[in-house]
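Chemist: Got a structure for you, written out below as structure tokens; questions coming shortly.
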Amino acid sequence: MRQRLETLFDALLPVLATLAALAVGALMLLILKVNPITAYAALWDGAFGSVNSFAETLVKATPLLLVALGICISFRGDVINIGGEGQMIVGAVTATWVGLTFTDAPGWLVITLALFAGFLGGALWGGIPGALKARFNVNEILSTVMMNAIAVQLMNFLLRGPMIDPSQAQLASKIPQTARLLDAFHLARLVPTRLHLGALIAVILAILVYILLWRTVLGYRIRAVGQSPFASRYAGIKTPQYMALALLLSGAFAGLAGAIQVYGVNYRMITDGSASGFTGAAGFNGIVAALFGQLHPLWSIPASILFGALLVGANKMQRVVQIPSALITVMNGLVVVFVVSSEIWRRRRQRRRLTQTPEAETPSKQDQPEIGKEARQ
């Protein structure tokens, strides 16, 4: 019974962490003389209060889920991918290039090629840190963060130069954006909402990633490397190669998220010069969604919806109770800190339980003579 309760507590720990973050947020609202019940009611209504609100939540959750799927793969393979932002950008750039180049091709073909190009673009951007990790043991956290910076500068160069919208090229104050994609290249929508086919694609891929990790030899080896690189190497698994593969696949899903964001939401690539100007910080929030889902592809689905709801509902909360926009950022940050901290605490609890030996299984010194006597008899 105690073991079951501890397992249940570990499963509910992210939920408890989120509630604790919201409790701290409520204290901050009280300091600003705002009724927390009114504020959180507005948050709920903004995320789930109508069909359109729920559709917006799913739209926001789609890139989070795709990034989270990649994070599940990389973390299971004992590598940490912090480069989701850059991988989303590169995937979006390659997918947008396909749509702007093959304008005479059928819509279904261009969409398929674009999503595949985004997948490959993200895989390339994630594979570079993976190769550095496998070949030279370069820390993947540093390399993926640096790749983010390179991707932002690449995006700014392309959107202000070779890929800029021709209507903006001759203006004095140029908006860094590409031309709009043809209507035939847009992902199908659930009218009259903005919910697009990308949400269904993300759910299907979550199921496929689960099958990959828990029902295939490749997934078993990735998880084995994550559990114990030394034991995996002793068993004949090429540990560096599977770490690199985990980063490559992680980047691929983030790149696909960028492609779907272009073809399902924006219909062009536009930025304010920063990574979040295009990604909406989905590359980082996807990490938290994956941790909230216990690094399980299927549990990442409700986790991504929850964080999508927080992001969408926070906008209405700000409008209703008239709180500063900075407080919304702080509250989202509190959720991130509490959830990540709870994951670290959960892992420490698991390690402690594994290292502790039950007293019933360890004979005391007083019992040892009796055990020896019984053995002699």
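Chemist: Assuming R0 = 30 Å, what is the FRET efficiency of residue 228 and residue 2, from their Cβ-Cβ distance, to the nearest 0.05? Write out the running numbers ahead of the final one.
Modeler: Working: r = 27 Å, r/R0 = 0.89.
With a Förster radius of 30 Å, E is 0.65.
Chemist: Moving to a separate point now. Run the quick spin-label model on residue 102 and residue 15: label points 7 Å from Cα toward the beta carbon, then report their separation in nm to one decimal.
Modeler: 4.5 nm
Chemist: What does the charge add up to near residue 7, with Lys and Arg as +1, Asp and Glu as -1, over the other residues with Cβ less than 12 Å from its Cβ? If you can, show how the numbers build up before the last one.
Modeler: Details: positive: 2, 4, 346, 349, 353; negative: 6, 10.
Taking every other residue near residue 7 into account, the sum is +3.
Chemist: Then there's this: Would you mind telling me which residue in 15, 191, 152 has the biggest mean-square fluctuation in a Gaussian network model of the chain, where springs connect alpha carbons within a distance under 10 angstrom?
Modeler: Most flexible of the set in this elastic network: 191.
Chemist: While we're on this one: At what distance in nm do the modelled label points of residue 344 and residue 189 sit from each other, each positioned 7 Å from its Cα along Cα→Cβ?
Modeler: Placing both labels 7 Å along Cα→Cβ, they lie 4.3 nm apart.
Chemist: With +1 on the Cβ of every Lys and Arg and -1 on the Cβ of every Asp and Glu, and nothing else charged, how large is the dipole of the chain about its Cα centre, in debye rounded to the nearest 20? Mind showing how you got there, number by number?
Modeler: Values: 30 positive and 17 negative charges, 121 e Å.
Magnitude of the dipole: close to 580 debye.
Chemist: Using the alpha carbons of the range 125-243, what is the convex hull volume per residue in cubic angstrom, as a whole number?
Modeler: Numbers: hull volume 20.5 nm³, N = 119.
Enclosed volume per residue, from the Cα hull, is 172 Å³.
Chemist: Just to be sure I understand the model, the point goes 7 Å from the Cα along the line to the Cβ. What's the resulting residue 116 to residue 235 distance in nm?
Modeler: 3.4 nm
Chemist: In percent, how large is the relative contact order of the chain, given Cα pairs closer than 8 Å and 6 or more residues apart? Display every interim value, and only then the final one.
Modeler: Details: 615 pairs, mean separation 124.5, N = 377.
Taking the mean separation of contacting Cα pairs over the length of the chain, I get 33 percent.
Chemist: Using a 10 angstrom cutoff on alpha carbons, build the Gaussian network for the chain and name the most mobile of 25, 84, 161.
Modeler: In this elastic network of the chain, the residue with the biggest mean-square fluctuation among 25, 84, 161 is 161.
Chemist: Follow-up. Count of lysine pairs in the chain with Cα atoms under 26 Å apart, counting only pairs 8 or more residues apart in sequence or on different chains? All intermediate terms of the calculation are to be shown ahead of the outcome.
Modeler: Values: 33/316; 60/316; 133/238; 365/373.
Number of lysine pairs found: 4.
Chemist: Moving on to the next point. Can you work out the FRET efficiency for the pair residue 355 and residue 137, with r the C-beta to C-beta distance and R0 = 45 Å, to the nearest 0.05? Intermediate results must be reported in sequence, preceding the final value.
Modeler: Details: r = 28 Å, r/R0 = 0.62.
In this case the efficiency is close to 0.95.
Chemist: Which order do 88, 147, 317 fall in if you start with the one that has the fewest other Cβ atoms within 10 Å?
Modeler: Details: 88 37, 147 24, 317 27.
Fewest to most other Cβ atoms nearby, the residues stand as 147, 317, 88.
Chemist: Near the amide H of residue 177, under 5 Å away, which other amide H atoms are found, from residues 5 or more places off or on another chain, if H is placed in the peptide plane?
Modeler: 165
Chemist: Please check: in the Gaussian network model of the chain (C-alpha springs, under 10 Å), which one of 350, 294, 227 has the largest mean-square fluctuation.
Modeler: 350
Throughout, read-outs are computed from the coordinates displayed, never taken from laboratory work. Just so it is clear, the structure is predicted and the values come from calculations on it, not from any experiment. Using ideal geometry, Cβ is built from the backbone for each residue, glycine included, and neighbour counts are taken over all protein chains shown.
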